[in-house]
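This report refers to the structure that appears directly beneath it.
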Amino acid sequence: MLKKNSYMDIGHNAISFSGDSYFGSMKETITPSFVPQNIMVIGGGVAGMEAARVAARRGHKVELYEQKGYLGGNLVAGGMPDFKKECHALIHWYGSELHELNVPIHLHSWIDEEAIRQNDADIILIATGSTPIKQNIPGFRSIFSAESVLTGAKDPGHVVIVAGGGLVGCETALWLKNQGKQVTLIEKQNEILPINKTLSYSSTETLKNLLPQKGITIKTNTIISHAVDSRIVLQTEGQQTELVADSIVTAIGYQANNSLYETLRAEREHVYLLGDAKQVNNVMHAVRDAFDLVSQI
Ligand SMILES: Cc1cc2nc3c(=O)[nH]c(=O)nc-3n(C[C@H](O)[C@H](O)[C@H](O)COP(=O)(O)OP(=O)(O)OC[C@H]3O[C@@H](n4cnc5c(N)ncnc54)[C@H](O)[C@@H]3O)c2cc1C
């Protein structure tokens, strides 16, 4: 049973997690399909896992393909901070559901157009998620995505600038600070968490207050201009300042990974796009999108 987190919900109402009804607002009714189909699901994030789960429960024959060696997609990085363990609990829950439903899971399986053309599935569900937007900072090389740092693939060093004051940037800054690092958070707008579709109002306010309390320096109305050696040049409302940093960790947004879908939809029927690959959003959106789609096929 998942308990409501201190300040973090996985989606707006994702607090109840028991048996078949795991999102507070989503009452699950799964009906058998009249015409069972062969379904190929591409992407093992929450959207792909939910699609595979609902398809299997409806009696479809479904197989799931994931390029990485593990399931969970972006939620693996999302669940790295100890204050967000629920994200990993959700991934584990999906893993055991799919196992119980005997859904074949093909890890380390990168699927391209050719692999789909060679597959005789009736329906293709593309849940390829999103990729972080990259930031180029002339004169500086130690630029890492938040995911690569959260998952331990990259070491950001001790003095870190986090670029982007959205949810991912704020959480990453907090996680780095909790490890004893010196952290500065840069946001180009006049406040952090300016657009936030995931946290409730009270959670947003709590997080906003927590960062300065923890000793994270926040610079709003600020952009990173360029670097000279390890000196990072910042622009704040026309004023130029410099900071020395070991690395810049970027959290400036995500773009939908929909190229596979765009290529395929022109050449075959019954290809569907879901989750962040359709619209970058959050867990609740990805799960609901997958549930609604697969309930109708
Ligand atoms: C650091 C971080 C923290 C977050 N925190 C929260 C939060 O607290 N609450 C919340 O609601 N949301 C949060 N989110 C957003 C949430 O993680 C996403 O909205 C959600 O995971 C989207 O799920 P998805 O399945 O659509 O895509 P993804 O999670 O991106 O999964 C897509 C999967 O497809 C695989 N794939 C891609 N292309 C191929 C291919 N050609 N062949 C095979 N496999 C492929 C990828 O490897 C990946 O595993 C966070 C995101 C990040 C990055």
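Quick notes
- Listed by position, the strands (runs of 3 or more DSSP E) inside segment 54-168 whose residues that are β-branched (Val, Ile, Thr), within 13 Å of the ligand (Cβ to nearest atom) and open to solvent by 30 Å² or more (accessible area, probe 1.4 Å) number at least 1 are 130-132.
- Every residue from segment 32-50 that is among the hydrophobic types (A, V, I, L, M, F, W, C) and either within 6 Å of the ligand (Cβ to nearest atom) or at pLDDT 95 or above (or both): ILE39, MET40, VAL41, ILE42, VAL46, ALA47, MET49
- ALA266 being part of a helix (DSSP H, G or I) and either within 16 Å of the ligand (Cβ to nearest atom) or open to solvent by 40 Å² or more (accessible area, probe 1.4 Å) (or both): no
- One residue from LYS27, LYS3 being surrounded by fewer than 24 Cβ atoms within 10 Å (Cβ to Cβ) and at pLDDT below 50: LYS3
- Test: residue in segment 179-199 that is on the phi < 0 side of the Ramachandran plot and free of Cβ contacts under 8 Å to residues at least 12 places away in the same chain: yes
- For beta carbons closer than 8 Å, sequence separation of 6+ or different chains, a first residue in segment 260-282 that is free of Cβ contacts under 8 Å to residues at least 24 places away in the same chain and a second that is away from the ligand (no atom under 11 Å from the Cβ), the qualifying pairs are ARG265/VAL271.
- Filtering segment 234-253 for residues that are over 19 Å from ALA146 (Cα atoms), buried (at least 16 other Cβ atoms within 10 Å of the Cβ) and not assigned by TED's automatic domain parsing to the domain that holds GLY44 leaves a non-empty set.
- Residue match in segment 256-265 (condition: under 23 Å from ILE143 (Cβ atoms) and modelled with pLDDT of 95 or more): yes
Listed here are the residues, each with its yes/no results for (1) closer than 23 Å to ALA77 by Cβ; (2) at pLDDT below 95; (3) not in a loop (DSSP other than H, G, I, E, B).
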| position | (1), (2), (3) |
| --- | --- |
| ILE195 | yes, yes, no |
| THR204 | yes, yes, yes |
| LYS208 | yes, yes, yes |
| LEU234 | no, no, yes |
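The values are calculated or read from the model by the stated rules, or taken from the named source; none is laboratory data. No experiment lies behind these values; they were computed from the predicted model shown. Here Cβ is always computed from backbone atoms with ideal geometry, including for glycine, and neighbour counts include all displayed protein chains. Protein only, heavy atoms only, side chains kept; ligands, DNA and RNA dropped before computing areas. Shrake-Rupley method; radii C 1.70, N 1.55, O 1.52, S 1.80 Å.
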